[in-house]
Each structure stands twice: as C-alpha cells, then as structure tokens.
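The next block holds one structure in the form of structure tokens; read it before the comments.
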Amino acid sequence: MTLLDLIRHPHVYFEALKRLPPAPWRMAWIPVLAGLIGGVGSVLLSRSILDTQLLSTSAALGIQLPGSVVYVLTVIFSAVASFVTWLILWGMGGLGAGRDARSGEVYAASFLAPLLWALALLALALLTPPQVNVAAPRLGGLTGAALKAAISTYTSAVLTQYGASPLVRFSNVMTYAIYVVQFWLAYIGLRGMTDDRARAWKGVLYPGLLFLALGAAALLIADAAASVGGLI
C-alpha cells in the first residue's frame, strides 16, 4: 500500500489502512510537507505581492527589511497553518464521525491532494511565473499622505497586473477544486472506517462548515478594516 494508491484506488487504500493499528500521528508529515512546498510555491507565485507588502512595511517602520526574511517566514507560516488545519480537521472530523473513525489518519492522508497540487504549482511557478512590470515608486523625501498615496498607487498597479495573470487565475480555481478533492477523499476514508454514511457525512460537514464560517468572518473583518482604512 502506497500513497499513490490513495489517488488511484481510495477505497482500497482506506480498507488497507483500517487493518493497521490506529496511529493518529502516522501521517502527520503529509500536511507539514504540503504546507512547506505550498509555501515555497506561494513565494515564487506571489513574490511581487510580498515585495509590495515589504515595501509598505519598511516605509511605515522607517527601516529596510530584508526580503529573504519575509520569504522564509511565509514558508514557515504556510507549514504551521497546514499543520494546524489538519489538527482542526482531525478534531472536528472526530466530533462528527466518532473516535473510531480515525479522523486524524484519514485527514492526514487527504492532504495528499494539496501536496500534489503544491508540487504542480511549484513547477508552474518556476516555468511560467506571473509577469508584473510595475516600476517601484521613488519614496525618498515623501512623508505622511504623500507617502501613503504613492505606496497605495503602486500596490494597486501591482495587484491589477498580478490578478490578471493566467497562472494566478488558474491557481485560484484549482485551490478550491483541491479542497473538494480533499474532502471527497476524507469522506471515503471516514465511511470506510465507520461503515456508516451518516457519520462519514458528519465527519466532513462539521469541519467544512467551520471553515466556511471562519472564511466568511475573515471576509467581513477584511471588508470592515478596508472601510475604516478608507475613512482614516
């Protein structure tokens, strides 16, 4: 039994996993690796955005921050976020499907889908990185509102070009598609472990609804912050 069997024959894979003794941390490395590779791919894909944020932060603090630090922190944050996401999926999945569903192992295995997509995205970002050709603003001597306006104009131009990139658009669509694949794999795994469709659905819906609620809350907070920022 290999991880590739999970993609080719998911039912058979989880049947084989069910015969093994429970070990929740057996595949904890998969979400961590997916996060690390995804972080590297994200840095390559959105380097122009990270550089823009770095410029804005450096101007606000009045010091020059090294770009390498931002890139490394982005990769680390991606790995940590992926690991924490797995822990949440594990907990909420177990809450819905029951402890005997072995949701920790099932959801860890389901991170194979994000891992494969992260590898593909990394290759695409290396071969065809988004083209953003916006001249960096000259901030020397600018202060206050003039500095804020210059950075805002530059950021807007970068975001416009970045968002128009075919690879960025494709990545955005694929990200949601991979979530669907991951939950589909998790449903198959939970159903195989419990032999109960209702419990398997609960094991998928509980974490799914939680993340939808968190996403909606994040959008509302971001919109409120943007509104407040526009009034200041």
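Nothing in this text is a laboratory measurement; each read-out follows from the coordinates by a stated rule. Everything quoted here is computed from the prediction, not taken from an experiment. Because the Cβ atoms are built from the backbone with ideal geometry, glycine has one as well, and the counts that use them run over all protein chains shown.
Results, tabulated for the structure shown:
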item	result
For mean projected area of the Cα convex hull in nm², calculated from these coordinates, the label among (1) 14.2; (2) 12.1; (3) 21.8	(1)
Simple spin-label estimate for residue 210 and residue 153 in nanometres, 7 Å along Cα-Cβ	4.7
For residue 201, net neighbour charge (Lys/Arg +1, Asp/Glu -1) across residues whose Cβ lies under 14 Å away	+2
Estimated [θ] at 222 nm from DSSP helical runs (n ≥ 4, -39500 (n - 2.57)) normalised by residues in the chain, nearest 500	-27500 deg cm²/dmol
Length added when fully stretched, residue 69-residue 15, from 0.36 nm per residue minus Cα-Cα	15.0 nm
Charge sum, other residues only, whose C-beta stays under 15 Å from residue 128's C-beta, Lys/Arg counted +1 and Asp/Glu -1	+2
Within-10-Å neighbourhood charge of residue 97 [Cβ basis; K, R +1; D, E -1]	+3
J(HN,Hα) series, the stretch 119-130, from Karplus relation 6.51 cos²θ - 1.76 cosθ + 1.60, nearest Hz, glycine and proline x	5, 5, 5, 4, 5, 5, 5, 6, 7, 9, x, x
Distance in nm between pseudo-label sites at residue 3 and residue 123 (7 Å out along the Cβ direction from Cα)	1.5
Ordering of 30-42, 148-160 by packing [mean C-beta count within 10 Å, highest first]	30-42, 148-160
